[in-house]
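First the structure, in the form of structure tokens, and then the observations on it.
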């Protein structure tokens, strides 16, 4: 008979199978967050897309463990990417992307 308050375990607990990636898109000159930038996380196992919030933050919470390239684009800015960001199960990695305004052509 189990003691009062004891929990009987059946089977095995499995570790987490996904990880996360968080970061911020920042204007290189103004040092301010860039809202509504499109952000992609690309690996051999999957591709995910999101948009930055009003402060320039982005968040991918359910990514398969793998090596990712994170890329961001927004009208008026040069596209930027960062490679070889490894996502591990039950962990969130950080990737901040510094974006430069595009040169205006006359």
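Key figures for this structure:
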read-out	value
Residues being touching a residue at least 24 places away in the same chain (Cβ under 8 Å), under 15 Å from residue 71 (Cα atoms) and not in a strand (DSSP E or B) - total across region 25-61	6
Selection status of residue 76, over 20 Å from residue 16 (Cα atoms), loosely packed, with under 14 Cβ neighbours inside 10 Å and free of Cβ contacts under 8 Å to residues at least 40 places away in the same chain	yes
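Here's the yes/no breakdown for (1) modelled with pLDDT under 95; (2) within 27 Å of residue 16 (Cβ to Cβ); (3) more than 10 Å from the chain's Cα centre (by Cα):
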site	(1), (2), (3)
32	no, no, yes
38	no, no, yes
45	yes, yes, yes
56	no, no, yes
68	no, yes, no
80	no, no, yes
84	no, yes, yes
93	no, yes, no
97	no, yes, yes
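The values are calculated or read from the model by the stated rules, or taken from the named source; none is laboratory data. Being a predicted model, the structure only gives us computed values, none of them experimental. Reconstructed Cβ throughout: ideal geometry from the backbone, glycine too, with neighbour counts over all protein chains shown.
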